[in-house]
Structures are given as C-alpha cells and as structure tokens.
1. Of all accessible surface on region 206-293 at a 1.4 Å probe, what whole percent is carbon and sulfur?
2. Hey, which of these cross-link pairs are over 21 Å Cα-Cα: LYS10/LYS162; LYS300/LYS330; LYS372/LYS487; LYS11/LYS278?
3. So if I take the alpha carbon set of region 207-267, get Rg, then get Rh from the Kirkwood formula, what is the Rg over Rh ratio?
4. Could you sort ASP221, ASP190 by their accessible area in this structure, using a 1.4 Å probe and putting the largest first?
5. With +1 on each Lys and Arg Cβ and -1 on each Asp and Glu Cβ, and nothing else charged, work out how big the dipole of region 375-527 is about its Cα centre, in Debye to the nearest 20.
6. Around ASP367, which amide H atoms from residues at least 5 apart in sequence, or from another chain, sit under 5 Å from its own amide H, with H modelled in the peptide plane?
7. Hey, what did region 402-527 get for relative contact order, percent, Cα under 8 Å, at least 6 apart?
8. Can you work out the accessible area per residue across region 447-527, with the rest of the protein chains kept in place, probe 1.4 Å, in square angstrom?
Amino acid sequence: MSEEIIKEIKKRRTFAIISHPDAGKTTLTEKLLLFGGAIHVAGAVKSNKIKKTATSDWMEIEKQRGISVATSVMGFDYDGYKINILDTPGHQDFAEDTFRTLTAVDSVIIVVDVAKGVETQTRRLMEVCRMRNTPVIIFVNKLDREGRDPFDILDELENELKIKVVPLSWPINIGAKFKGVYNLYEHGLDLFTPSKQTISERVEIDDVNSPLVDELVGKADADKLREDIELIDGVYPEFNVEDYLEGKVAPVFFGSALNTFGVKELLDCFVKIAPSPKPINAEERTVKPEEDGFSGFVFKIHANMDPNHRSCIAFVKVCSGKFERNVGYKHVRSDKVMKFAAPTAFMAQKKSIVEEAYPGDIVGIPDTGNFKIGDTLTSGENIHFKGLPSFSPEMFKYIENADPMKSKQLDKGIKQLMDEGVAQLFTSSFNGRKIIGTVGQLQFEVIQYRLLHEYGAQCRWEPMSMYKACWIESEDAEALEAFKKRKHQFMATDKDGRDVFMADSNYVLQMAQNDFPKIKFHFSSEF
C-alpha cells in the first residue's frame, strides 16, 4: 500500500446533507461551496435577476418547482481537505434516491428548521443512518427567524432521532433579537450582521465571563448566555470525538445558512472531526480504502446531464486503491474489462475530466447502457458490494404512448429513466401492458415531464388499482409454475425479467401466501 494513497485518504471528507424539504439544505450546500471557493457569489448560477437558482438544482423541473429531485455531487478543496458533498432530495417521493446515496457517504449533516423542529422525512433518513452507524452532525437553521427555544429543540432531537446530542455552539437570542452564536468548541463569539454575501466578525474570548461579552451583546443577553452555558455543562456530556465517529452522539450547531452565519464554524469543526473514508463490507470480505487494488460501486445513474447528448452517467464511489483514466477495470457482473477515456468530477453539472481519483471520491462515468445500480468495478478481483435496495413501490399506473409516431423514443426514455432508479417498470404477463410503480405521486409527474422534454415522447397515465408488487421465487419449480398459471392475470416481470406478483389487495396477498406455502414473497429486490 502506498503512502500517497494513505495521504489522499486522510484528506477526504465525503458526506451527504439531508433534511426535510424547505429546511434550507440547498442553501447550506451553496454556502459551503462559497467557503470552498468553488463558487464566488451565492446563487452563482443566476444569469439574470429573475432566474436565480441554486448551483446544485440544475434539472429543469427542479428550477420550476424549487425542489431538488436528483442527488447532486459537488467537490471542492478547503483548508487542505478535499470535500465531496452529496446534496440529496428532501422530498419524500424521492426517498429511495436518498437512501441509496447514504450508502456512498462516510458521514451526514442533518439540517433542522428551528421553527418546525424534526419532521417525518428527517426521522426516516435518520433510521438509515442508525442502521449503518453513520456519524451525524446537526445544523439548526434559520435562527434569524422566530422559532422554538434551543433547549426544547435539543430535547426534541434526542427523542425523535434517538441519538444523544451535544451542542458545540449556542445562540444568543433568536428571531428579530438574534445577536450571534457563542462557539463552545473553539471559545469564540460570532456576532451576527444580516448579510447574504459577507461573513460575520469573530471575536476570540478566553472566558465567557469576560466583561467584553457584556460590551458586545449587552448585559442582559450576556447574563442569559452564561446561565445557558452553565446549564449545558451540567446537562450534556463533554464532546467526545470517538462517540461521534461511532454514531452514538451528534454535535449540534446553530446558525442561519441564508445569512452565511454559523456555517464556517460548522465547516471548520466538520473537517477536523468527520471521518475519512472507511472500510466497506462486500459480500466476500471487508474492503479497506488503503488497499492497492482499485474497487468502487455504482450508487446512482443519471440520464441526460447534458440535454444535447443522449448519454447517461454512472456515479461511482471509489472504495479502495486509486482510480485512473484509461486503465482497464473489471466490470464484475458482466465479467468484461472496460476502459474509461472520459471519467468526470462534478461541480453540480459543470464537469471536468479527471486523471485519477481516490477512496471517498465520486467519479462520473459515461454510460451507454452497461451499468446498473449496485454494479462493482475492480482491478480484477470478484467482489460484490451490498446494501443498495430497491423497495416495493406503493403506487402504480399503466403507462401508455400518447403519440404513436414516437414509440421508439418512449421505449428508450422509459428504459433510461428506469435504469436511473427513478421508478420501477413491470410488464404484465397477462396483457403485455407496461406498469410503472413509484414511491410517490410526484414521480409520475417527473417521469412524464422528462419523457417529453428530454426524449420528445408523450405518455399518458391510466389508473389501476394495485396494492403491492412482490418478487416471488421458489425452490420447487412445479409449485412456481402452478402459482403462475393460477395467478396468470396478476403476474408480471420486472426490467430484469424476474417474476413479480401484483396483488390488488392485502386480502389477495395474504390468501396467496397461505395457499402457496412453497412460494417465497419478497418486498425488496435484494434477495
């Protein structure tokens, strides 16, 4: 193992920012990029005053709706570290994309709105982090607006997210009277001046009891701050980095992302304590990042990052060794060796060709249909990374071609969007009709919109009543055949040709499970 690889691994910080919609996640991402010098003014993608959109939301539909629907990848350098941010969709209809993204990161920052507290979506994402013991930092946002008492927020974080918290910064008042934060991690006072472009001033203080504090924030607020800090020291344990790395404790920061306030404190602490890339479990063995052999897996496929070229991009997370351009790597599922002439690194949709990448980095590889989500690339070893599930969908509609002249475009569009993992496609064995299954209603709109704007194909949806799709298998071939004959009108295949039973009610599903004990029913595609 080379020293070069170890040195590069120590510099890497790969993390996702997750939150409920509207908690300010995209704004925070943008401010982090501002500090990394990756963009020079906030909202840097605006070409004129009207079209102001954030760097990480670049798909047309995202600009119209103001929501992030696809995970964006952005890399930048800060203070000697190489930081890779994955900005995830907060909207629950795209939860599956977010769950998959969490398999590719080493730590997570959760953004919580001070007025709304913890919301449903945040809770679900936290469950995924807990399953994998992913280290978490919490950023409580929007302190320049009226909100809840900071102590109440801490209690709620502990109860709802089921994790111990330790505040590392503390607000002085909130809302209209918000004056700044006291940094408990580095003992400094940050005074708040509302501004979207400049960074607030920092006053170093050895002791919170110093008279300087009274001068800066006024006697009443200074006394309240001292009381709060005494209470924090009494109630919350001292911050221990090991507990954070094991996913047992979450440090909490307060600030206002829109006003670039409290963000630098978060970033400075984050690069020091967050984990560099970790060993990853494959089915065969544990893969360590510092190994010489390259390995990586595809956690996301994105069609049409550039509407002028009908190409897909497979996002590969580098797990071990060093990835190099134009070197042959083994695609484990197809057992072929492939070379990549134009691998890219990202800054939202601005791409640049990379010569090499190290563990923790995300590389984009142009894909002409070779990749599926979960595929492994290696220097030659046969390993399979695990943990990229697709769940059984909850909503179903028939998809029909609305323009007979464009059936080729429609088929191509559906195939590419399904490979991206936006939704799942089933073909009915009974009448050959195509059925799309999704996690939420919004995905049907996104699919229709993207088929029209990216492939020039028009589709229309037809309702169907469907309760669940489950993958079926059996060790007894006769029993499987008998089941498929008996349930012929409820049978379908998924895009990989596997048998799927489409139950139209919970009762039908339970009856099938009782009547056919030799058949196994699966509700996630990982089996």
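The values are calculated or read from the model by the stated rules, or taken from the named source; none is laboratory data. Remember, it's a predicted structure, so these values are computed and weren't measured experimentally. We place every Cβ from the backbone using ideal geometry, glycine too, and count neighbours over all the protein chains shown. These accessible areas exclude ligands, DNA and RNA; they are computed on the full protein's heavy atoms, side chains included. Shrake-Rupley method; radii C 1.70, N 1.55, O 1.52, S 1.80 Å.
1. Working: 2100 of 4190 Å².
Carbon and sulfur: 50 percent of the exposed surface of region 206-293.
2. Check vs 21 Å cut-off fails for LYS10/LYS162; LYS372/LYS487.
3. Details: Rg = 14.6 Å, Rh = 13.9 Å.
Result for region 207-267 is an Rg/Rh of 1.05.
4. ASP221, ASP190
5. On the way: 19 positive and 22 negative charges, 89 e Å.
Computed about the Cα centre, the dipole is about 420 debye.
6. Here CYS312, ILE313, ALA314 satisfy the definition.
7. The normalised contact order for region 402-527 reaches 28 percent.
8. Spelled out: the 1.4 Å probe surface of region 447-527, per residue, equals 56 Å².
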